[in-house]
1. Looking at this structure, is R328 among the basic types (K, R), under 18 Å from V240 (Cα atoms), touching a residue at least 24 places away in the same chain (Cβ under 8 Å) and open to solvent by 30 Å² or more (accessible area, probe 1.4 Å)?
2. How many of the residues making up the stretch 75-120 are modelled with pLDDT of 95 or more, buried (at least 22 other Cβ atoms within 10 Å of the Cβ) and either in a loop (DSSP other than H, G, I, E, B) or among the aromatic types (F, W, Y) (or both)?
3. Tell me, please, whether a residue that is among the charged types (D, E, K, R), in contact with a strand residue (DSSP E or B) (Cβ under 7 Å, 6 or more places away or on another chain), touching a residue at least 60 places away in the same chain (Cβ under 8 Å) and buried (at least 17 other Cβ atoms within 10 Å of the Cβ) can be found in the stretch 121-136.
4. Taking the conditions exactly as written (in a loop (DSSP other than H, G, I, E, B) and touching a residue at least 60 places away in the same chain (Cβ under 8 Å)), does G250 satisfy them or not?
5. Look through I333, I342 and report the one residue that is β-branched (V, I, T) and open to solvent by 40 Å² or more (accessible area, probe 1.4 Å).
6. Looking only at the stretch 244-271, how many residues end up being modelled with pLDDT of 90 or more and surrounded by fewer than 21 Cβ atoms within 10 Å (Cβ to Cβ)?
7. Kindly check whether there is at least one residue in the stretch 62-73 that is surrounded by fewer than 16 Cβ atoms within 10 Å (Cβ to Cβ) and out of contact with any helix residue (DSSP H, G or I) (no Cβ under 9 Å at 6 or more places or on another chain).
8. List every residue pair whose Cβ atoms sit under 8 Å apart, with the two residues 6 or more apart in sequence or on different chains, where the first one lies in the stretch 59-82 and is touching a residue at least 12 places away in the same chain (Cβ under 8 Å) and the second, anywhere, is surrounded by 24 or more Cβ atoms within 10 Å (Cβ to Cβ) and hydroxyl-bearing (S, T, Y).
Amino acid sequence: MAQAWLIRAGKVGEREQWALKNGVSGGGFHEVGDLTSADTREAVHAAVANAFRGAKPQTIQTFAAQLWALRGRISEGDWVVMPLKGSPTIAIGKITGPYEYRADEDPSLRHVRPVDWVTTDIPRTAVKQDLLYTLGAFLTVCEVRRNDAAYRIGVLASTGTDPGARTPLLGSEPARHVAEDEPTDDVAAQIDVEQYAFDRLLTYVIENFAGYKMQTLVAAVLEAEGFTCKVPPEGPDQGVDVLAGTGPLGLDEPRLVVQVKSEAGAVGAPVVGQLLGAMNTHQTSQGLLVAWGGVSRSAEQLLSNQYFRVRVWSAKELLEALFRNYDRLSEEIRSELPLKRIWTLVEEAG
């Protein structure tokens, strides 16, 4: 059975688009040279120790374990998951070849495995909370084992839906033994708390503010940012979910037509066309498309010529706007969406 691996593309996702465009996964660890001839874990450990002289033994061990996974443990046909930092989605692919060292590349882009990216826009909201927690490990390379993850990731890639963990009676695989310090979700103690909290909030908001209630939440955020908003009655909206304006009567520019889509999947070009038509009907020069699951490539193409007319808020941008304005929201909204700001230590990981 294929295994599943979490492979990140930089602390802030700086290698994500490069990985998707070039059909690879990996990168990072630019201090370490070519590992093609390092065909044992011990050889990889020696290369890492040489590259990071003076580093703590635990650091060397952690880096070596991840690079050995990339070099020697991952197999062709295994699944790879890349949570995208720049959007509320994850990409899933299949490993198609052995380890490569690309000496002609930027040093941070050299240690790779070739990948067929099967899907690049699975919404995080389509992934159940237990699997999202697993995908929050800090490590750059980590085997994903818990909760029948490999099976579920395969189903996500083909259907876009997380079926949840199977029971043993339905054929889920028994846990395999791995060395104590191998990078797996069983032993990866450090979890990206910020991302986990964000994912938990995504789930809570879509469960409690889906449909018409999402319109009221968007209107509340815009009002906190200084707009006067009108939310049409529930029902057919002809592309108008919120009308927003500024000034004493809410008639001044900027004026916005807002369309709100709370479904988990990406919305397509017809939704963008509907919003543009509503903007013309209501004689506004600006529009806001709130698309919880993001927009499709066809929608992105249509929006490419509308930079100074339309903005898109995916779930990420909507929540960021909510965070900015939370203290100015009504007590009713805050009681339905109780949040507390906390400080936590930033943990470093390879």
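The values are calculated or read from the model by the stated rules, or taken from the named source; none is laboratory data. Being a predicted model, the structure only gives us computed values, none of them experimental. Cβ sites come from the backbone with ideal geometry, for glycine too, and all protein chains shown count toward neighbours. Protein only, heavy atoms only, side chains kept; ligands, DNA and RNA dropped before computing areas. Shrake-Rupley method; radii C 1.70, N 1.55, O 1.52, S 1.80 Å.
1. No.
2. Residues that pass the stated criteria total 1.
3. yes
4. Taking the combined requirement at face value, the residue does not satisfy it.
5. I342
6. 15
7. Of all residues in the stretch 62-73, those surrounded by fewer than 16 Cβ atoms within 10 Å (Cβ to Cβ) come to none.
No - not one qualifying residue is present in the stretch 62-73.
8. Note: pairs meeting the criteria are Q66/T140; V80/S25; M82/S25.
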